[in-house]
Amino acid sequence: MPDVWICFNSDDRQRYWWRTGILMLALAGVLVAMSLTVHEPGKWWGVGGLGVFSVVAVLSTINSIYGRVLLTATGLEFRTFVSRRSIPWSEVAGVEKRDRVLRSGVWWYLRIVRVRGRSLMVPGTFTNRMMDAELEWKQAAIQQYWSRAVGG
């Protein structure tokens, strides 16, 4: 079986970049407004805190947009903006489709449940489309590779 990449397609990546850009413009506007209105030296911690939050939010979003997983015969290779990790199929206990309810709606994503250790979100699977055929395909591909590797 050939190796398969699980990641966002180019349309999804572009859509998430637009969302990130809008969020960053809004945060930049708030930072500018705060810096122009704060005149007391003791209140600058708020501007600095929001600046640090903005950097963390952008890095997290970039990590989510460009993160991907390579399915191989031996296991999963997680490759994200900030890390690389290999998980052998023997450590996988299951693949779950989970949802997260936010004010903006319901979002679905896939998680790899491990025998030992914490479960891991699969990069490139976060979506807000209710019946997303691509998410279903990604879940089926991961489960197929896993079942072939463990002989089930």
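The values are calculated or read from the model by the stated rules, or taken from the named source; none is laboratory data. Computed from a predicted structure; not experimentally measured. With ideal geometry, Cβ positions are generated from the backbone for all residues, glycine too; neighbour counts draw on all protein chains shown. What goes into the accessible areas is simple: the full protein's heavy atoms, side chains included, and nothing from ligands, DNA or RNA. Shrake-Rupley method; radii C 1.70, N 1.55, O 1.52, S 1.80 Å.
How do Arg19, Arg148 stack up against each other in accessible area, from largest to smallest, with a 1.4 angstrom probe? Write down the numbers at each step before the final one.
Numbers: Arg19 95, Arg148 145 Å².
Of Arg19, Arg148, the descending order of accessible area is Arg148, Arg19.
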Given backbone amide H placed at 1.01 Å from N, residues whose amide H is under 5 Å from that of Thr72, ignoring those fewer than 5 places away on the same chain, are Glu77
Global form of segment 9-91, assessed from the alpha-carbon gyration tensor, a/c cut-off 1.5 = oblate
Over the chain, with every protein chain in place, what whole percent of the accessible area is carbon and sulfur at 1.4 Å, could you tell me?
-> 62 percent
With r defined as the distance between the Cβ atoms of Val56 and Ser86 and R0 fixed at 30 Å, what FRET efficiency is calculated, to the nearest 0.05?
-> 0.70
Semi-axis lengths (Å, descending) of the ellipsoid that matches the C-alpha gyration tensor of the chain | 37, 17, 13
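What is the magnitude of the charge dipole of segment 1-92 about its Cα centre, with +1 placed on the Cβ of each Lys and Arg, -1 on the Cβ of each Asp and Glu, and no other charges, expressed in debye to the nearest 20? Kindly include the intermediate steps, with their values, before the conclusion.
Working: 8 positive and 6 negative charges, 21 e Å.
That gives segment 1-92 a dipole magnitude of about 100 debye.
Given a 1.4 angstrom probe, what's the average accessible area per residue across the chain, in square angstrom? Please list the in-between numbers first.
Details: 9330 Å² over 152 residues.
For the chain, the per-residue accessible area is 61 Å².
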